[in-house]
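S.K.: Before anything else, here's the structure in question.
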Amino acid sequence: MKLFTLQNPLWACAALVLASPAVADDGYRLWLGEGATTQARSGVEVRGESETLRLAADELRRNLPALSVPVVVARADDAALAGLRLDARSLGSEGYAVRRAQVAGREVLLVTGSGDVGVLYGAFALLRHINSGGDIANIDLASSPQTKLRILNHWDNLDGVVERGYSGQSLWDWWVLPDFKDPRYADYARANASIGINGTVLNNVNAKADSLTAPYIAKAAALADVFRLYGIRVYLSARFSAPIELGGLKTADPRDPAVAAWWKAKADEIYRAIPDFGGFLVKANSEGQPGPRDYGASHADGANMLAAAVKPHNGIVMWRAFVYADTDPEDRAKQAYTEFKPLDGSFADNVLVQVKNGAIDFQPREPFHPLFGAMPRTPLIAEFQITKEYLGFATHLAYLGPLFEEVLDAQTGVWRGETVASVVTGKADGHSLSGMAGVANIGRDRDWSGGTFNQANWYVFGRMAWNPSLSSEAIAREWAAQTFGNDPVVIDTVVAMMMRSREAVVDYTGPLGLAHLFATGHHYGPGPWVSDLARPEWNPVYYHRADRQGIGFDRTRTGSNAVAQYAPVLARRYADPKTTPPEELLWFHHLPWDYKMPAGNTLWEEMVRRYDRGVAEVDSMRSQWATLRPRIDAERWTKTDAFLGVQQREARWWRDASLAYWMSINGLPLPKGSAAPQHDLEWYRQQSFPFAPGNPK
């Protein structure tokens, strides 16, 4: 039986049948639609011989509705387009234009770009426009990516386990590569190209040196051969101690010429197999990973040594600023800034420092990382987590577009108008290297990401990496239309659910700036009482510091003074609880339980109100989803409804366990009208989940 894949023409033949909501849809097609035709449509002309141009034309032949004009797919430098005087330079190497034009004396719908991949992006943009309800009568689409690197980080291990993965085993079948290339690899690449993603890091940042051996380089090369046609470059996470483990050296000190020579030889070997290899991603001196500081060298020393190895091949190094080590007992949130800010300007020109969106670890809400705006002489690449490690795994509906937007739109305070987005696009400081990285939520599950709504987080990451100024709500709307069809009732309901979902998770897990209250290791469920782990910053009590008098982490001058890591205008704002945004209040301040909030209620009353609001929001989402049952195919509706049921139960668990613990600390009663926890505190403390998915063993 032939495999049913996105790129396989067989799927188009089934489109008319699958169009009915009454027929099951397993989610494999993602947002790429069901195909508009039962056979390849004529009227699409491709000019040029490249395989990528052919792919662009094939997408349009399979998926375009009947048009009154022919479609021409061509590069902007094609001789037939000379009379149009296209400004190819303004599009850059990846930009596209889609518009009506006169070509060879006839009116056509032109899909063009200065490069083959730009043309492919243009084809997907045209389909996105039509499938989202756009008009083509006066179509005029033109766009270029605002970031150079738009990369997925796969935390996939060589044994097939995905760290913090909630959608099955790794997509990469290392055991049978390079001999067999699963058709899903092309479908994966196609999905990424449809949203402008142009790079993928194949292996976990907690890397094994084996990834750099000849057999695994050959496996990576096989994947690169598939991805290349879609404009996607392959990267590898590099284990810093590989010269010792693979090369037999006695040191991995980046200042040692023998170490540098080993890495240069290894880079040359990789580029012989993968000529367009992108470069290395490195996690060093964090969570036990080896790094240059083991030898008294700096992060810049380590990054620059690797950068020199890949530079002759136009490769780059992405050096993670997530330095989670027992080096700053005062405040974990200060570590990255403390270590990296003094190194600004000392990194090679093909190094990017990869900075998480917040200073701790992908929490449901964190203030933006203070390194954004603090390293003007170093290109920074923003790292977001698409997989929902701290947002309920695959079962909780949590659309992350508002989280991404909140961070990207944040004003750094360095100069008027500078935002995190302007830093990561390179516009703030004139850097040519720029980018966004997303920790992928993709696995071998049939629907790719463990549930339909999780696909939206992959989608919104790609769209915002292409253009960080896009609205998360507008992206939600176009995703919903492409995923469920153009029924306005479905789109309006789905978008309303999505746009409130992340805030609901914040409310029932950690309102008002509370963070890192999760159970140990697997990060599944509440654990604000945990206090017995070996290092202080491993314990949730370290982050909330609740006592009889109050709650919150004092990061002002009377505490850790982490506020000083922000630009002065923001430091002043965060130093005063009255000017600190309520959503970040307890991140920066330890306040009495009876502290008066702006609305006149006490801090305790406001906390309880938000916990209750989060639970109520999930109830509302499930009720809204129930109204769509006649309008959504049974398979996706049923799975989502079941997941919303799980989320209802677990939101109450979070709310009840948290309130039971806070009440044991503060001795306060619940406000009138707020229900008591279902169980006593000890019951919640006894819950155990040794086999939770995605937990590194």
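S.K.: How large is log10 of I(q)/I(0) for region 242-334 at q = 0.17, 0.23 Å⁻¹ when the intensity is taken from the Debye formula with one equal scatterer per alpha-carbon?
M.R.: Each listed q corresponds, in turn, to -0.75, -1.20.
S.K.: Additional query: Tell me, what is the percent relative contact order of region 177-329, built from C-alpha pairs under 8 Å that lie six or more residues apart?
M.R.: RCO, region 177-329: 22 percent.
S.K.: Given that just one value was derived from the coordinates, which of (1) 27.1; (2) 26.4; (3) 34.6 is Kirkwood radius over Cα pairs in Å?
M.R.: Answer by label: (2).
S.K.: Under a Cβ-only charge scheme (Lys and Arg +1, Asp and Glu -1), can you give me the dipole magnitude of region 260-358 about the Cα centre, in debye to the nearest 20?
M.R.: 240
S.K.: Also, quick follow-up: Based on alpha-carbon centroids, what's the gap between region 460-518 and region 102-143 in Å, whole number please?
M.R.: Going from one Cα centre to the other spans 27 Å.
S.K.: Still on this structure, I have one more. Starting from region 196-288, pick out the GluC sites (Glu not before Pro) whose DSSP state is loop and whose Cβ has at most 13 other Cβ atoms within 10 Å.
M.R.: Answer in residue order: Glu287.
S.K.: With Cβ to Cβ distances under 14 Å as the rule, what net charge do the other residues near Asn198 carry (K, R +1; D, E -1)?
M.R.: So the surrounding residues net to +3.
S.K.: Based on Cβ point charges of +1 for Lys and Arg and -1 for Asp and Glu, what charge dipole magnitude is obtained for the chain about its Cα centre, in debye rounded to the nearest 20?
M.R.: Using only the charged Cβ atoms, the result is roughly 580 debye.
S.K.: In addition: Would you mind pulling out the separation of the Cα centroids of region 654-697 and region 547-579, in Å?
M.R.: A separation of 28 Å, based on Cα centres.
S.K.: Still on this model: If I take R0 = 41 Å and measure r between the Cβ atoms of Asp326 and Gln678 in this structure, what FRET efficiency does the formula 1/(1 + (r/R0)^6) give, to the nearest 0.05?
M.R.: My answer for the efficiency is 0.65.
S.K.: Grab the Cα-Cα distance for Ala218 and Asp594, subtract it from 0.36 nm times how many residues apart they are, and report the gain in nm with one decimal.
M.R.: Gain on stretching Ala218 to Asp594: 129.1 nm.
S.K.: Along the charge dipole of the chain, Cβ charges K/R +1 and D/E -1, which of Thr147, Ser346, Tyr185 sits furthest on the positive end?
M.R.: The one lying farthest along the dipole's positive direction is Thr147.
S.K.: Which value in deg cm²/dmol, rounded to the nearest 500, describes the helix-derived mean residue ellipticity at 222 nm for the chain, given -39,500 (n - 2.57) per DSSP H run of n ≥ 4 and division by the residue count?
M.R.: Details: 22 runs with 247 residues, N = 697.
Value at 222 nm, helices only, nearest 500: -11000 deg cm²/dmol.
S.K.: If you wrap a convex hull around the C-alpha atoms of region 613-697 and split its volume per residue, what is the figure in Å³?
M.R.: 129
S.K.: Follow-up question, since we're still on this one. Please report the accessible area of Phe518 (heavy atoms, 1.4 Å probe, ligands and nucleic acids excluded) in Å², nearest 10.
M.R.: Ignoring ligands and nucleic acids, Phe518 comes out at about 20 Å².
S.K.: Between Rg and the Kirkwood Rh of region 346-398, both from Cα atoms, what is the Rg to Rh ratio?
M.R.: Values: Rg = 13.7 Å, Rh = 12.6 Å.
Computed over Cα atoms, the ratio is 1.09.
S.K.: What do you reckon, how do Arg613, Arg272 stack up by accessible area (1.4 Å probe), largest on top?
M.R.: Arg272, Arg613
S.K.: Could you report the accessible area of His313 in Å², rounded to 10, computed with a 1.4 Å probe on the protein chains as they sit in the structure?
M.R.: Accessible area of His313: about 50 Å².
S.K.: Using the basic label-point model (7 angstrom from Cα toward the beta carbon), what is the Arg548 to Ser469 distance in nanometres?
M.R.: Spacing of the two 7 Å Cα→Cβ label points: 5.6 nm.
S.K.: Dividing the Cα radius of gyration by the Kirkwood radius, what Rg/Rh value follows for region 541-697?
M.R.: 1.06
S.K.: Please report the Cα spread of region 40-138 along all three principal axes, rounded to whole Å, starting with the longest.
M.R.: Here the Cα extents, ordered largest to smallest, are 30, 26, 24 Å.
S.K.: Give the separation of the Cα centroids, region 350-371 to region 176-219, in Å.
M.R.: Centre-to-centre distance over Cα atoms comes out at 25 Å.
S.K.: With +1 on the Cβ of every Lys and Arg and -1 on the Cβ of every Asp and Glu, and nothing else charged, how large is the dipole of region 76-214 about its Cα centre, in debye rounded to the nearest 20?
M.R.: 420
S.K.: While we're looking at this one, here's another question. Show me the chymotrypsin sites (Phe, Trp or Tyr not before Pro) within region 593-697 that DSSP assigns to loop and that have at most 11 other Cβ atoms within 10 Å of their Cβ.
M.R.: Of the chymotrypsin sites (Phe, Trp or Tyr not before Pro), the ones in loops of region 593-697 whose Cβ has at most 11 other Cβ atoms within 10 Å are Phe691.
The values are calculated or read from the model by the stated rules, or taken from the named source; none is laboratory data. Worth saying up front: this structure is predicted, and the values here are computed from it rather than measured. All Cβ positions, glycine included, derive from the backbone under ideal geometry; neighbour counts span all protein chains shown. Heavy atoms of the whole protein, side chains included, go into the accessibility calculation; ligands, DNA and RNA do not. Shrake-Rupley method; radii C 1.70, N 1.55, O 1.52, S 1.80 Å.
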